[in-house]
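Visitor: Got a structure for you, questions after.
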Amino acid sequence: MALQFFCYLEDTRELFDKRTVLGLAVGVTACFALLSIKIKNNFVAWIGGFSFAIYLYQSFTTKVAKTIVFDLFQFSGIPALLTIICFTVALGISIHLFSMQFKFSRGLFLGIWKPSAKKEFNPIKGVKLAWRNSKRELRNALG
């Protein structure tokens with residue numbers, strides 16, 4: 001992606017276009033390189049637990065976030081895009097957490113009528129665990 005961005009600045013984007021063999025080779029190589037690093041990110045794994053709710057309500061939450069960002073804060077450009085993404089993810093997670101509190105809302109908003117047989121997931125504990133593991137990995141990497 002950085003290579004494509006550099007080439008975009010140099011106006012050689014036709015060379016690494018997604019529809020060419022070279023663009024395909026660069027994309028596949030980048031995917032395999034990222035997968036071979038084997039990075040464990042517990043925070044992203046924690047957000048993945050809410051991915052269904054984020055996906056299910058992204059159209060509504062994106063509209064709400066765009067209204068807030070453009071009308072109230074009057075952001076534009078990259079800060080607006082990042083703020084909209086953060087609002088959308090946060091609203092999706094909050095809808096999931098709210099709807100899981102009650103049996104009827106869990107079924108109505110998420111389509112989960114039966115409680116799961118596995119142990120109930122505690123999202124707050126997941127964040128603390130992700131933070132603790134990331135600090136430990138950082139200490140181990142620095143020596």
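A short reminder: the numbers here are calculations on the coordinates, not readings from a lab. These numbers come from a predicted model, not from an experiment.
Visitor: Applying the Karplus parametrisation 6.51 cos²θ - 1.76 cosθ + 1.60 with θ = phi - 60° to the phi angles of region 96-111, what ³J(HN,Hα) value in whole Hz is obtained for each residue in order, glycine and proline being reported as x?
Guide: Per residue, the Karplus-derived 3J(HN,Hα) values read 4, 5, 5, 6, 6, 6, 10, 4, 5, 5, 4, x, 6, 8, 10, x Hz.
Visitor: Moving on to the next point. Determine ³J(HN,Hα), in whole Hz, for all residues of region 71-85 in sequence, where each value follows from phi through the Karplus function 6.51 cos²θ - 1.76 cosθ + 1.60 and θ = phi - 60°; x replaces Gly and Pro.
Guide: 8, 7, 8, 6, 7, 8, x, 5, x, 5, 4, 5, 5, 5, 5
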